[in-house]
């Protein structure tokens, strides 16, 4: 995961904002997107953030369930079960950055 969460670069584009999404698991890669007037549903709405936040909360619950099973099921291979946790954490980071970007654009 990235050491920092930097969702919105703050660079205005034509009618929108450039947003940097940090992919920590792939060596710190950055995906830059622009939310602008060419988006299908411009401007973004706060409800878009709520949908993303619901997904984020689901991923957190999945992470807790995996960790619980890994530490409480003696018949399970704990190391195998814990392997996807870092990927889930990266997905949570990316989605939270995207939610912050949408929120920034919706309130701009």
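What to note about this one:
- Relative intensity, log₁₀ I(q)/I(0), of the range 56-108 from a Debye sum that treats every alpha carbon as a point, q = 0.13, 0.14, 0.20, 0.23 Å⁻¹: -0.41, -0.46, -0.70, -0.82
- Exposure proxy order (Cβ contacts within 10 Å, fewest to most) of 55, 34: 55, 34
- Fewest-first sequence of 19, 49 by Cβ atoms within 10 Å of each Cβ: 49, 19
- Spin-label model distance (nm) - residue 83 vs residue 60, 7 Å beyond Cα toward Cβ: 2.7
- Cβ-based exposure ranking for 102, 56, in which fewest neighbours within 10 Å come first: 56, 102
- Length gained on full extension, residue 51 to residue 18: 9.8 nm, using 0.36 nm per residue less the C-alpha separation.
None of the figures in this text is laboratory data; all of them are computed from the coordinates on show. This one's a predicted model, so the numbers in the text were calculated from it and none came from an experiment. Backbone-built Cβ (ideal geometry, glycine too); neighbour counts: all protein chains shown.
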